[in-house]
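Here's the structure we're looking at; comments come further down.
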Protein chains: 2
Amino acid sequence: MRLLIVEDEPTLGQQLKTTLEGSGYAVDLSTDGEDGHFLGSTEDYDAVVLDLGLPEIDGLTVLGMWRKEGRTFPVLVLTARDSWSDKVAGLDAGADDYLAKPFQTEELIARLRALIRRSTGNASSELTAGPVRLDTRSGKVTLDGEPVKLTAQEYKLLSYLMHHKGKVVSRTELIEHIYDQDFDRDSNTIEVFVTRIRKKLGSDVITTIRGLGYSLEDPEERVG
Amino acid sequence: MRLLIVEDEPTLGQQLKTTLEGSGYAVDLSTDGEDGHFLGSTEDYDAVVLDLGLPEIDGLTVLGMWRKEGRTFPVLVLTARDSWSDKVAGLDAGADDYLAKPFQTEELIARLRALIRRSTGNASSELTAGPVRLDTRSGKVTLDGEPVKLTAQEYKLLSYLMHHKGKVVSRTELIEHIYDQDFDRDSNTIEVFVTRIRKKLGSDVITTIRGLGYSLEDPEERVG
DNA sequence: CCATATTTGTCACCCGCTGGTCAAGATGAT
DNA sequence: ATCATCTTGACCAGCGGGTGACAAATATGG
């Protein structure tokens, strides 16, 4: 999962980036509205954390522009503690959730997880595909009930696929959502990790669609 | 399906070409209006992506010329973000859809798919012919409900025929719409692929009209 | 703070699939 | 029967993808 943070205060921004990366997200950080808006318009994020008090362009404006352009990623807005009006305005402008500063990073993480879950149309924080179950809350994976140890990267890859079960996900899309901006786009890491995951979970969990990418089967097995 | 991209910014153009080819289109790329206009006038495209901010000739002019020449392919116009006048002018000049820069390639792909679907007179993204069903959205094909694995090329060929169900499609037309500019026109690949598709979907799906080409039966055939 | 284990990404090599060519055989039209 | 057109099996080069091994980076533990 890949996030964009738009936060003008460098220390806080950097700190958030580090924490969220620690929670398994690929994070891009932008410190002003102009740049942040551009990133959100061109790159493909799973969620955005947007501070309203920005220099240059105001956060609300940025959000409004995104929505007008048809960007649908979930946006979590950071507001000053007591600016009640901001919250209302934020929700009006198309924010999906808000959090008042100062806040516990714990809470931010929890809310982001919920946002992403909802936006991908998953009802529960438990995702399943055949014998595989993934709990986004605890970050644990089981195969036929048995716990399986995945490494951080393996988990990210699998998690993205499970959030988009049934859809064909291209290598580029995977790279874009698992790594942040600067990453060597032509290398075969994805293939390598798919192999490693298959070794742990069985070779039939992830299907290869030649020339297009990978896919987790939807439970659309039809018998009779 | 074959597309023409007219985009002066080389990086963006090339990137678009690559992505769209990845989505199964044959793509010609032109970097200036003069050349772009020529291609659109001589070759046969299923849709055109036209950037309005072109050197030499303006995009709107090109579009106008095409329409005056009687070209009917659907045109998706790329406009700068805030130039609202461009949009209006574009639609007036005969554009079928527009997309403001910057945009996400996902969206471009979706819009193109819709444009082509509409321009071929198909109401849904699910095309059917007898027992065969093709979903342009997911790229999956089923025979009597059973999923069938087609290769990329097989899919392109079948997809084109299904978009033009009932019409007799000549070999040249197929070649022109499945491959891009540089392709050896006299070879029997088409025949070979027709054979291969028949082997997978049954020999009666594609009818041969000797001397003219191939055709997918309209479902209403009834021999009295 | 060093030693060790684990993880991550790169590389090289292999393999099977796919797309395209060719040529021989089948099928139709006249 | 003759000729053109279409079908199909065989063949092969090239590509995309899978995998083991190695090296760098990072985490773990004494």
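We did not get these values from a lab; they are worked out from the coordinates using the rules stated. Source: prediction; values computed, not measured. Cβ coordinates were reconstructed from backbone atoms using ideal geometry, including for glycine residues, and neighbour counts include every protein chain displayed.
Observations
- Candidate aspartates and glutamates for bridging to residue A:167, where Cα separation is under 12 Å - those fewer than 8 sequence places away on the same chain excluded: A:217, A:218
- Residues in region B:25-36 carry Karplus couplings, in order, of 9, 8, 10, 9, 10, 10, 9, 8, x, 3, 4, x Hz; the curve used is 6.51 cos²θ - 1.76 cosθ + 1.60 with θ = phi - 60°, and Gly or Pro positions show x.
- Working from Cα pairs under 8 Å separated by at least six residues, relative contact order for region B:2-119 is 24 percent.
- Copies compared at residue A:119 - label distances in nm, ascending, label defined 7 Å from Cα in the Cβ direction: 3.2
- Residues B:120, B:42 in ascending order of nearby Cβ atoms (within 10 Å, fewest first): B:42, B:120.
- For the protein assembly as shown, share of DSSP beta bridges that run antiparallel, in % to the nearest 5: 50
- Fewest neighbouring Cβ atoms within 10 Å first, the residues A:34, B:176, A:146 line up as A:146, A:34, B:176.
- Sorted from closest to farthest, the other copies place their residue A:184 label points 3.6 nm away, with each point set 7 Å from Cα along Cα→Cβ.
- Listing B:44, B:97 from fewest to most neighbouring C-beta atoms within 10 Å gives B:44, B:97.
- ³J(HN,Hα) computed for each position of region A:116-126 - Karplus, 6.51 cos²θ - 1.76 cosθ + 1.60, integer Hz, glycine/proline x: 5, 4, 5, 5, 8, x, 9, 6, 10, 7, 9
- 5 angstrom amide H check on residue B:140, placed H, neighbours 5+ away: B:135
- Set of lysines near residue B:101 by C-alpha distance (under 19 Å), chain-local residues within fewer than 8 positions excluded: A:68, B:17, B:87
- Residues whose placed amide H lies under 5 Å from that of residue B:80, excluding near-sequence neighbours: B:101
- Relative contact order computed over chain B (Cα-Cα under 8 Å; 6+ residues apart), in percent: 16
- Taking label positions 7 Å along the Cα-Cβ direction at both residue B:185 and residue B:172, the computed distance is 0.6 nm, reported to one decimal.
- Taking the centroid of alpha carbons for each part, region B:91-169 and region B:1-60 are 19 Å apart.
- Label spacing, shortest first and in nm, from residue B:14 to its equivalents in the remaining copies (7 angstrom along Cα→Cβ): 3.5
- Share, in percent, of DSSP beta bridges within chain B that are antiparallel, nearest 5: 50
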